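Heads up, the thing below is written out as structure tokens.
The values are calculated or read from the model by the stated rules, or taken from the named source; none is laboratory data. These numbers come from a predicted model, not from an experiment. All Cβ positions, even for glycine, are placed from backbone atoms using ideal geometry, and neighbour counts span all protein chains on display. The accessibility values were calculated without ligands, DNA or RNA, using every heavy atom of the protein model including side chains. Shrake-Rupley method; radii C 1.70, N 1.55, O 1.52, S 1.80 Å.
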Amino acid sequence: MQLSVLVPLLLSGVVVAIYALRQPLQQSGFPIDPYYTALFALPILLILLKKYSFDDLGFRVGKPLMGIFFVFLLPVILYLRWYLMGRQFTLPVELPLMLLIGSFAEEFFFRGYLQEDFKKRFGGNIWISLAITNIIFASVHLVKGYSLPAAAMTGWIGVYFGITKDSQGGNSLFYSMAAHGLYNLVATSVNLI
């Protein structure tokens with residue numbers, strides 16, 4: 001393993017540790033969500049240190065038609081699955097804006113920074129980048145309290161978001177952010193009773 005690969009792995013470890021300490025920090029009066037703050041702050045810090053630009057992290061239009069198609073594909077499949085099972089949908093009690101902020105923060109760090117960083121470090125190999133990034137993404141969700149199968153499924157969904165950004169969306173972070181936000185909105189709208 002290249003020594004330079006340790007930097008994104010170390011930053012990923014910081015994110016996982018911050019999530020593990022999230023609840024105690026919030027209970028102690030920490031004024032903002034430390035997890036989402038870290039997910040936004042670490043890539044912005046790298047931009048300020050001139051290691052990356054916003055364009056490097058995927059802030060571009062990309063391929064609009066394919067990107068928009070992949071934004072809606074997974075949420076529509078999820079909706080149809082629940083609909084065919086007879087599940088009812090209600091808008092989440094949580095403010096949908098908060099769902100979007102969380103989705104955007106995770107995409108900014110995982111797909112914008114980590115996926116791009118690993119892709120550069122492994123000679124442009126998207127598959128190695130997707131594998132490492134989404135093992136880390138699944139690990140964060142495991143720390144969140146997901147069961148091992150649910151965390152593994154979340155990792156696979158992260159692969160979908162990564163492909164939406166990279167291959168299908170023309171390397172545009174906007175499409176994976178939108179897909180993640182819409183997916184979370186649909187997933188939290190199902191009435192499981």
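With respect to the stated conditions, residue 55 fails to be of a type outside the set (A, V, I, L, M, F, W, C) and surrounded by 14 or more Cβ atoms within 10 Å (Cβ to Cβ).
Would region 97-105 turn up any residue that is modelled with pLDDT of 80 or more, of a type in the set (Phe, Trp, Tyr) and open to solvent by 60 Å² or more (accessible area, probe 1.4 Å)? Looking for residues that are modelled with pLDDT of 80 or more, of a type in the set (Phe, Trp, Tyr) and open to solvent by 60 Å² or more (accessible area, probe 1.4 Å), one finds at least one in region 97-105, hence yes. Of the residues 23, 88, 27, only one is more than 21 Å from residue 173 (Cα to Cα) and in contact with a strand residue (DSSP E or B) (Cβ under 6 Å, 6 or more places away or on another chain); which? Unique residue meeting the criteria: 88. Pairs are defined by a Cβ separation below 7 Å, a sequence spacing of at least 6 or placement on different chains, a first member in region 121-140 that is over 13 Å from residue 109 (Cα atoms) and open to solvent by 20 Å² or more (accessible area, probe 1.4 Å), and a second member that is assigned to a helix (DSSP H, G or I) and aliphatic (A, V, I, L, M); the pairs so defined are 121/5; 122/128; 139/16.
Would region 60-73 turn up any residue that is open to solvent by 40 Å² or more (accessible area, probe 1.4 Å), out of contact with any helix residue (DSSP H, G or I) (no Cβ under 9 Å at 6 or more places or on another chain) and of a type in the set (D, E, K, R)? No: region 60-73 contains no residue that is open to solvent by 40 Å² or more (accessible area, probe 1.4 Å), out of contact with any helix residue (DSSP H, G or I) (no Cβ under 9 Å at 6 or more places or on another chain) and of a type in the set (D, E, K, R). Picking from residues in region 162-180 that are part of a helix (DSSP H, G or I) and among the polar types (S, T, N, Q), the one that is modelled with the lowest pLDDT is 168. Look at region 4-15: where a residue is more than 13 Å from residue 42 (Cβ to Cβ) and open to solvent by 10 Å² or more (accessible area, probe 1.4 Å) and a partner is part of a helix (DSSP H, G or I) and among the charged types (D, E, K, R), sitting 6+ places away or on another chain with Cβ atoms under 8 Å, you get 4/121. Residues that are in contact (Cβ under 8 Å) with a residue 40 or more places away in the chain, β-branched (Val, Ile, Thr) and in a loop (DSSP other than H, G, I, E, B) within region 20-71 comprise just one, 61. Could you check, for region 136-149, whether at least one of its residues is in contact with a Phe, Trp or Tyr (Cβ under 7 Å, 6 or more places away or on another chain) and not in a helix (DSSP H, G or I)? Yes: one or more hits.
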